[in-house]
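Asks: Structure in structure tokens, see below.
Read-outs: derived from the displayed coordinates by stated rules, not from any lab. Since the structure is predicted, the reported quantities are computational estimates derived from the model, not experimental observations. Positions of Cβ are backbone-derived with ideal geometry, glycine not excepted, and every protein chain shown enters the neighbour counts.
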Amino acid sequence: MSVLAEPQTGQEPVYPESDGRPMAENTLQFEWIVTIEGGLDALFREVPDVFVAGDLLWYPVEGSPTIRAAPDALVVFGRPKGHRGSYLQWREDGIAPQVVFEVLSPGNRLPEFVNKFHFYEQYGVEEFYVYDPQRGELAGWLRRGHSGLETIEEMQGWVSPRLQVRFELQGKDLRLSGPDGRAFLNYVELARERDEASRQRDEASRQRDEASRQYEAERRKSEILEARLRELGVDPESGGDR
């Protein structure tokens, strides 16, 4: 979550994989970071050259380990999936994350946010989104042409050009939905959805079993009736005496 931009010491560069700070300052911020990153990961799960990560240190400049940022969530188009300890841009064909997200907490301060904004603007981010779950506030910036990041005036109903994700505020809650209209869900909501799907499968299976039992019962009744008619000398097919 930190942004540093200090001069290099001249020593052999070491690129730390942690800034020593927690991913989130409270449970609400943590839940939203995980929901956004997980939703993006799920959205692009079948696309091999889209890399999604959360709270991953991004180093845009080789030889400058103090120039770094760790967005709460980032998306890189044109890079393969896979585990990384950090995002070293010069080892990723020079491709910068095109989309980044930040989820605010009460501990966020204006100077820190300003530093992040200028970092993302300077190093090539195309879309920058900020959500404050406690205040229910949403903001976004978009790079148009070769200009810097410009404010998106209306975020309600906004669709990300890169992600094709729709943004909506419902009360204080952020609703992100993919091109298919399915909303990003947190772990509890996913568990409920899974349980409901399982319940529906079980109910459908029970109904099939019940229908099968009824069919077998009717078939058995028919066989018994036919056998009884034959005992009485009645042809079941013609309905008359033999």
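Asks: Please turn the phi angles of the stretch 148-154 into ³J(HN,Hα) values with the Karplus equation 6.51 cos²θ - 1.76 cosθ + 1.60 (θ = phi - 60°), one per residue in order, whole Hz, x for glycine and proline.
Replies: Calculated HN-Hα couplings, in order: x, 6, 10, 4, 7, 5, 10 Hz.
Asks: Once R0 is set to 51 Å, what does the formula 1/(1 + (r/R0)^6) return for the Cβ-Cβ distance between Gln122 and Glu168, expressed as a FRET efficiency to the nearest 0.05?
Replies: Computed FRET efficiency for Gln122 and Glu168: 0.95.
Asks: Pop out the ³J(HN,Hα) list for the stretch 45-62 in order, Karplus 6.51 cos²θ - 1.76 cosθ + 1.60 with θ = phi - 60°, rounded to Hz; leave Gly and Pro as x.
Replies: Ordered by residue, 3J(HN,Hα) equals 4, 9, 9, x, 10, 10, 9, 10, 8, x, 6, 9, 5, 10, 10, x, 10, 5 Hz.
Asks: Tell me, what ³J(HN,Hα) does each residue in the stretch 127-135 have, in order and in whole Hz, if you take phi through Karplus 6.51 cos²θ - 1.76 cosθ + 1.60 with θ = phi - 60° and put x for Gly and Pro?
Replies: Working through the residues one at a time gives 9, 10, 10, 10, 10, 10, x, 7, 8 Hz.
Asks: So what is log10(I(q)/I(0)) for the stretch 3-184 at q = 0.12, 0.15, 0.16 1/Å, when the Debye sum runs over its Cα atoms only?
Replies: Here the Debye-derived log intensity ratios amount to -0.55, -0.88, -1.01.
Asks: Rank-order 116-125, 82-91 by packing density, defined as the average count of other C-beta atoms within 10 Å over each peptide's residues, highest first.
Replies: Highest mean packing first, the order is 116-125, 82-91.
Asks: Here's another thing I want to ask about it. Please give the peptides 100-110, 161-171 ranked by average Cβ packing (other Cβ atoms within 10 Å per residue), highest first, as a rough proxy for protection.
Replies: 100-110, 161-171
Asks: If you count, for each residue, the other Cβ atoms within 10 Å and average over each peptide, how do 62-74, 126-138 line up from highest to lowest?
Replies: 62-74, 126-138
Asks: Return, ordered by residue number, the residues of the stretch 44-88 whose backbone nitrogen is under 20 Å from a label point located 7 Å along Cα→Cβ of Arg21.
Replies: Zone members listed by number: 53-61, 64-75, 85-88.
Asks: Sticking with this structure for a sec: How long is the gain from Thr66 to Arg213 if the chain were fully straight, where each residue apart is worth 0.36 nm and the alpha carbon distance is subtracted?
Replies: Between Thr66 and Arg213, full extension yields an extra 45.8 nm.
Asks: For Ala73, which sequence-distant residues (separation of 5 or more, or a different chain) have an amide H within less than 5 Å of its own amide H, given hydrogens modelled in the peptide plane?
Replies: Amide H neighbours of Ala73: Asp55, Phe101.
Asks: Rounded to the nearest 20 Debye, what is the dipole magnitude of the stretch 3-184 about its Cα centre when Lys and Arg each give +1 and Asp and Glu each give -1 at the C-beta?
Replies: 160 debye
Asks: Defining a contact as two alpha carbons under 8 Å apart and six or more residues distant in sequence, what relative contact order in percent does the stretch 3-184 show?
Replies: Once divided by the residue count of the stretch 3-184, the mean separation gives 16 percent.
Asks: Contour minus end-to-end for Asp93 and Arg182, with contour as 0.36 nm per residue of separation and end-to-end as the Cα-Cα distance?
Replies: Extra length from Asp93 to Arg182 when fully extended: 28.8 nm.
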